[in-house]
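The values are calculated or read from the model by the stated rules, or taken from the named source; none is laboratory data. Treat the numbers as computed from the prediction; the structure is a model and nothing was measured. Glycine gets a Cβ as well: all are built from the backbone with ideal geometry, and neighbour counts include every protein chain shown. All accessible areas refer to the heavy atoms of the entire protein, side chains included, with ligands and DNA or RNA removed. Shrake-Rupley method; radii C 1.70, N 1.55, O 1.52, S 1.80 Å.
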Amino acid sequence: MPNSSIHHDASMKHWDDFMGFIDKLSENKRFSSKKSYRFKLAAEELVSNIIRSSESSFGSTQIMPTLQIAAKEVSLLNYDYLEVVFIDDAPRFDPNFDQLESPNHIEAPVALRPIGGLGLFLVKDSVDSISYKYCRGQNTYTIEMELESAS
Amino acid sequence: MSLQITSSQSDAGVMIKLTGTVDTKTAPDLLLKLTELDLPSLSELKVDMHEMTFMSSAGLRALLFAKQKMDQNSTLIVYGACDGVVDTIKKTGLTQAIVISEE
């Protein structure tokens with residue numbers, strides 16, 4: 001697979017563009033159907049969060065942040081994976097993936113369950129690895145999804 | 001990346017059929033449809049997911065919202081959901097609110 005990327009304003013105007021790109025990545029022949037779904041779920045949740053943050057930021061600054069998604073296959077000695085990097089210049093947002101656990105309210109009765117709080121949990125839970133860094137005014141989220149052996 | 005929603009009355013309540021994907025873009029349509037129902041009076045809400053290929057947390061939030069508006073003795077049943085959707089409902093602990101039918 002050649003390296004591929006997409007870059008647009010981080011707004012819902014480009015939702016279909018971002019999701020079309022994600023869909024293509026999820027169709028990787030070395031993904032099981034389960035892994036394909038999980039990757040698409042994680043990517044959708046992450047893009048949704050980034051766009052929400054960006055559009056909120058635009059409301060106060062009138063400057064629309066952008067989102068770039070870049071993907072490549074990485075081949076190591078015994079481990080091949082798809083690396084997908086999400087880079088945006090919205091305000092700094094650290095999801096603290098290392099400390100993220102199942103939301104406490106998961107055990108709460110239905111009537112008391114807050115409506116939100118599920119997206120980032122699903123991002124972390126759905127991928128093989130995820131990391132975050134903030135550098136030069138950009139949030140960078142890196143997802144790794146192991147690839148099945150090439151036949 | 002589109003969503004079609006149809007609804008019909010059943011003996012026990014209302015049935016909604018979802019076709020396509022429920023994500024950040026399309027979930028508001030689902031939420032709107034659910035809010036148009038007389039949720040507090042429903043004893044049962046069934047959601048047909050046979051033709052739904054994907055649902056993100058935005059869709060789950062819409063369903064949870066609906067269940068919270070329904071009477072506590074009512075049921076919200078999804079059926080025909082793909083493995084990915086079933087997995088997501090289970091891992092987020094929403095099986096308390098959403099009954100998964102294998103029908």
* What accessible area, summed over both chains, is buried at the B-A interface (1.4 Å probe, Å², nearest 100)? -> 2300 Å²
* To do: Considering Cα pairs under 8 angstrom that are at least six residues apart, work out the relative contact order of chain A and quote it in whole percent.
  => 27 percent
* Structure fact -> About its Cα centre, the protein assembly as shown carries a charge dipole, from +1 on Lys and Arg Cβ atoms and -1 on Asp and Glu Cβ atoms, whose size in debye to the nearest 20 is 300 debye
* Asked: Hey, with R₀ at 51 Å, roughly what FRET efficiency would residue A:70 and residue B:79 work out to, going by the Cβ-Cβ distance, to 0.05?
  -> 0.85
* To do: Just the number, please: carbon plus sulfur as a percent of the accessible area of region A:4-146, 1.4 Å probe, no ligands or DNA/RNA counted.
  => 48 percent
* To do: Measure of size requested: the Rg and Dmax of the protein assembly as shown, with Cα atoms as the atom set and Å as the unit; please supply both.
  => 18.9, 60
* Of the heavy-atom accessible surface of region B:3-101 (probe 1.4 angstrom), what whole percent is carbon and sulfur? -> 49 percent
* Using packing as a proxy for protection, rank A:118-125, A:52-59 so that the peptide with the highest average count of other Cβ atoms within 10 Å comes first. => A:118-125, A:52-59
* **More than 19 angstrom apart: percent of Cα pairs within chain B** => 33 percent
* For region B:1-49, residues shielded by at least 40 square angstrom of accessible area compared with the chain on its own, probe 1.4 Å -> B:1, B:24, B:25
* Filter the cross-link list A:35/B:69; A:133/B:17; B:46/B:91; A:29/B:33; A:13/A:72; B:17/B:91 down to pairs whose alpha-carbon distance in this structure exceeds 30 Å. => A:35/B:69; A:133/B:17; A:29/B:33
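Using a probe radius of 1.4 Å on heavy atoms only, what accessible surface per residue do you get for the protein assembly as shown? Whole Å² is fine.
Roughly 49 Å² per residue, with all protein chains present.
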* Structure fact -> Of all C-alpha pairs within region A:11-96, those more than 17 angstrom apart amount in percent to 52 percent
* To do: Report the convex hull volume per residue for chain A, counting only C-alpha atoms, in Å³.
  => 140 Å³
* **Per-residue average of Cβ from other chains inside 10 Å of B:50-57** => 4
* Asked: Averaged over peptide A:136-146, how many Cβ atoms belonging to another chain are found within 10 Å of each residue's Cβ?
  -> 0
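Mind putting a number on the dipole of chain A about its Cα centre? Charges go on the C-beta only, +1 for Lys and Arg and -1 for Asp and Glu, and I need it in Debye to the nearest 20.
Numbers: 15 positive and 22 negative charges, 20 e Å.
For chain A, the charge dipole is close to 100 debye.
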